[in-house]
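Just below is one structure, and these are the notes that go with it.
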Amino acid sequence: MGMWLRDIKRRSNLQDAIVNKSIISLQAKNMIKEVVNVKNKGKKHYMAVEFEPSTELTGGAWYDDDGNLHVEFINIVKKCCLQKIKQLKVATLETVLQLFKTSGVFKADLKEHHFEEILGALVLDNEVMEVKSNGMGEFGAIPEGKVCYKAFDKQRVGAAAEPRIGAMASMPCGVCPRIRSCTPDGVVSPSTCVYFQKWLEF
Amino acid sequence: MVSQHGILYAVHLITNQFGNLVAKVCECLLRNGALTLQAIVRRTELSPAKVRNCLLVLIQHNCAQAFILEESVSGEDAGEPGKALTQYIALFVNILHRVRFSKFMDVVSKELGGSCGELFRGLLEHGRLTVKQIVDRAGANAKESTNTVQEDLGKLVMAHYVECCPAPEPLVPPPDADTKKRAKSSKVMVEPLTLEQRVMAVAMPSAMRRFSFVPNADQVADDQQNVNQPPSKDVGEKRKLHDLESDTALEEEVECNWRANFEELLRRLRHKTCVDTIKVRFDDAAATVLSAMLEASRAEEDKVKTANSVPLSLNTIYEEVVKNEKNHSMTFDHVRTCLEELSCPPTFVKTDDESYSIDFTKITEAAQSEEIESIVLKRFGETAYKIFRLLFRAGCLMETDKIADKIFAEKKETSKTLFKMWQDGYLLMEKLVVGGTTTGPSYGGSSYLLWKVNKRLLRETVLDEMFHAALNLNLRLAHEIDQNKEVLNLPPDKREGPDKQKFDRLRNVRLLIHSSLMKLDDAIMLFHDF
């Protein structure tokens, strides 16, 4: 876990200037290194160069060395998982994990919980459905009650390319950030609303 | 309890159709619940005659109902001790139905044809009519014969699109008697009925009486009058009891007013929404199978918000599917495959021992979730959309950092988005202080913010926003018409150049706002009535 700079100062009972100078000197001699705390970037942590920081500090596989979320890498993993699920039509976590282990696509050491997080994110993106197998039809090969993932079939005839926009969302009031201040005779009102004005421009 | 914007919207609808006075009385009832005539007079500061006329208009158009509470009178309206006073209650649901008349007309005309549709239009326009009034109206408009009109009315009553009006002033028992009776028979916690529901439950005639139409009732009325003539030679002889009873029944038949049965129409619209939801999520074949199941089980449905349809066998479903000429090419196996797809999680169709039943609750909830997610995505963005889906599915409190980890978003952005959604009432927030003392927030301890979606409160929030949006659309349309009234008053041949442009723009504005209102009303039904 390393040690927080403030903890170092408190425990050593040395003056701030001396501690700071010592830290710089040790870093220059390549004896200690600074590690970014993903949960609180303001807190500087230091540790000996021989040690590897724990995932609690670094954030794990999804964060880069600067402690920022590795969005590109995450998107690539998501895309690959989605492709596999679409190929299989229905897949369990174990199936997806096995496929990536055998293919060796990713150099990073991704464990089962990493893929579980990715599949969870795909569910939240509304790209796949998380369902429990009922052992029938397309779930025939999966034991009943097992959690599995099914891709939405956006290729089928009649399927919309984009998610359907609801009734409320297709009009200005539905997406207005000021709806709570809007009254018939107020400063913000349907008669004076600029969003309505734009919407009714023909 | 009707929300604030629900009341404003309902009052606006009544104002547009019946004027300010009637709207004032209606608003008084919506805001204060059931009131006596004297109480309405006092609160509206209108004369008793005006209030009475307004109430008559509301009752005629099924927007209010009179009733008598079977309990002692006390407080400000105390008259003679123990005397029951007539009270009036606004029927919010029926007021909302007034924007749905075109949808109701569509349902009736498609199933029963143009002449039934025309007759039905009259009932919608006038609220309630006797058979004689219906016949006279049809004769004046389309020169229909009495027999044809009565035949059409019979078809409408058979299909349950038209019903006998409720009792004018039913006696409503106190809620204790009701609750005890229901608690005994039901072991499941049941939400208590609102006063409006209790009044309508008592006022409604029995199912047999409600949909019992006797053609040529006016002929019977004439016969009845003849019977009531002073007897010529049988003076002194008592009339037999069964004659008296049948006379009373005939009187009731003759005096019955008929009105549109909104319950049945809502049920049809609910079915239509379910089919549309399935069509979007699956395909046309699945929608066809669902439609057939709805058709086959329709007769057994006894209320709008039924949770499940009656179980049907595969053979029954297949027979219903191929009844329609367009579906003759669907094979038995294809129907079975569709049912298996619909039975897969999320289970829109439940299977039990070779029988299938529709889970209306699941389909409705799926459609509601889709609507709310659409609002969240457009209003707050993609991060909010993922947060919302996470918390909606979790159904429990979740800490900010954990949410950020699950959706793969930066913590700062996640925090900002959570606050925005909380301010608009889409999320609940709780602060948890761990460690430290109770005197200070972080005296040696840490505080965490926990977030949750409360589904019931969220549906109420969204519904209120929908009422607000519907009201805004109406007000904007009125504003646009008001701004361009000179152009509207110009004869068509005088509209040139900028005036023609304004006129064309106004026409497009009207079309857009009307279609948005219809679409929004579908969403209001989804959250309020289904």
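Here are a few things to note about the model shown:
- Using only the C-alpha atoms, the convex hull of chain A corresponds to 268 Å³ per residue.
- Peptide A:190-196, shielding by other chains (average Cβ, 10 Å cutoff): 5
- Built amide H within the under 5 Å cut-off of residue B:312, gap 5+: B:356, B:357
- Projecting the alpha carbon convex hull of the protein assembly as shown along each direction and taking the average yields 50.1 nm².
- Average accessible surface area per residue within the stretch A:3-62, 1.4 Å rolling probe, Å²: 69
- The protein assembly as shown - percent of accessible surface contributed by carbon and sulfur, probe 1.4 Å: 52
- Taking amide H positions as modeled 1.01 Å from N, with prolines and chain starts lacking one, the residues under 5 Å from residue B:433 and 5 or more places away or on another chain are B:448.
- Each part gets one Cα centre, and for the stretch B:116-163 versus the stretch A:167-202 those centres are 42 Å apart.
- Helix A:112-124 axis, angle to chain A major axis (alpha carbon atoms, nearest 10°): 40
- Computed from backbone phi with θ = phi - 60° and the Karplus coefficients 6.51, -1.76 and 1.60, the 3J(HN,Hα) list for the stretch B:412-419 is 5, 5, 4, 4, 4, 5, 4, 5 Hz; x is used for glycine and proline.
- Taken about its Cα centre, the stretch A:1-79 carries a charge dipole of roughly 340 debye when the Cβ of each Lys and Arg holds +1 and the Cβ of each Asp and Glu holds -1.
- Cross-link pairs exceeding 31 Å between alpha carbons, from the set B:103/B:326; B:406/B:431; A:198/B:455: A:198/B:455.
- Whole-Hz Karplus values for the stretch B:285-302 come out as 5, 4, 5, 5, 5, 4, 4, 5, 4, 5, 4, 5, 9, 4, 4, 7, 6, 10 Hz, taken residue by residue from phi with 6.51 cos²θ - 1.76 cosθ + 1.60 and θ = phi - 60°; glycine and proline positions read x.
- Computed over the stretch A:3-62: relative contact order in percent, which uses C-alpha pairs under 8 Å that are six or more apart: 31
- What the Kirkwood sum gives for the stretch A:3-62 is a hydrodynamic radius of 12.2 Å, with every pair of different alpha carbons counted.
- Net charge dipole size for the protein assembly as shown [Lys, Arg +1 and Asp, Glu -1 on Cβ; Debye, nearest 20]: 2820
- The value of relative contact order for the stretch A:53-134, using C-alpha pairs under 8 Å at least six residues apart, is 26 percent.
- Buried solvent-accessible surface, both chains (A, B), 1.4 Å probe, Å² to nearest 100: 4500
- Dipole in debye (nearest 20) - chain A, about Cα centre, beta carbon charges: Lys, Arg +1; Asp, Glu -1: 360
The values are calculated or read from the model by the stated rules, or taken from the named source; none is laboratory data. None of these values were measured; they are calculated from a predicted model. Don't worry about glycine lacking a Cβ; one is built from the backbone with ideal geometry, like all the others, and counts go over all protein chains shown. Remember, those area values only see protein heavy atoms, side chains included, never the ligands or the DNA or RNA. Shrake-Rupley method; radii C 1.70, N 1.55, O 1.52, S 1.80 Å.
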